[in-house]
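Read-outs: derived from the displayed coordinates by stated rules, not from any lab. Note that the structure is a prediction, hence the values are computed from the model and not measured. Don't worry about glycine lacking a Cβ; one is built from the backbone with ideal geometry, like all the others, and counts go over all protein chains shown.
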Amino acid sequence: MKKAGFWMKVMVSSLSLATVGAILFLILFGPSVVPKVLADKRCTVAAAAGTYGFVASGNIAGVGPVATTGLLTADRAGNLVVNATSSMNGATSTVTLTGTLTVNSDCSLTASFSDSSTIAGVIVDGGREVDFIETFPGALAFTGVAKRIKESAD
């Protein structure tokens, strides 16, 4: 009986030591050994779907300052519709554009529009905001912020 008690203590001690060792290993080396999935579930085309109010400003080469505001609607397939009012060097105009959206797992995004302009941006604030820069080849560059008004209904 004494031998069984001795081996029981050895086994319990070994198990305790192994458990402590495993915990220390994970604390010290876990982040480099166990891969983490960093993709944000809010950083997909489908999750970005909804209606956004936006404001942007910048310059058009040879024309002058530009300010624009409007609504951008994105569906879950990445299709975009923009209705905007702009003031270019004091002259006001309205425009409706269509486009396509691509969203990366790191929350960066790109969009291309029917007037050949493009947007590069990033989804921030838990998906409630997009900070962006819009460019038009050789002429236009302005920055803006789009804030989500409502989620997509589809």
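What number, in percent, do you get for the relative contact order of the range 45-151 if the mean sequence gap of Cα pairs under 8 Å and at least 6 apart is divided by its residue count?
Numbers: 270 pairs, mean separation 28.1, N = 107.
Once divided by the residue count of the range 45-151, the mean separation gives 26 percent.
HN-Hα J couplings of the range 77-90 from phi, Karplus 6.51/-1.76/1.60, θ = phi - 60°, integer Hz, Gly and Pro as x?
Those phi angles translate into 8, x, 8, 10, 9, 10, 10, 9, 10, 10, 10, 10, 6, x Hz.
Return the distance in nm (one decimal) between the two label points of a simple spin-label model at residue 118 and residue 55, each offset 7 Å from Cα along Cα→Cβ.
2.8
Could you please report the charge total around residue 140, scoring K, R as +1 and D, E as -1 over all other residues with beta-carbon less than 13 angstrom from its beta-carbon?
-2
For the range 45-151, what does the alpha-carbon gyration tensor say about shape, rounded, prolate or oblate, given a ≥ b ≥ c as the root eigenvalues, a/c under 1.5 as rounded, and a/b over b/c as prolate? Mind showing how you got there, number by number?
Values: a/c = 1.83, a/b = 1.69, b/c = 1.08.
Prolate shape, in that a/c is at least 1.5 and a/b is the bigger ratio.
What is the distance, in nm, between label points placed 7 Å from the Cα along the Cα-to-Cβ direction at residue 97 and at residue 83?
Label at residue 97, label at residue 83, 1.7 nm between them.
Report the extension gain between residue 128 and residue 143 in nm, rounded to one decimal, defined as 0.36 nm multiplied by the number of residues separating them, less their alpha carbon distance.
Values: separation 15, 0.36 × 15 = 5.40 nm, distance 1.74 nm.
Result for the pair: 3.7 nm of gain on full extension.
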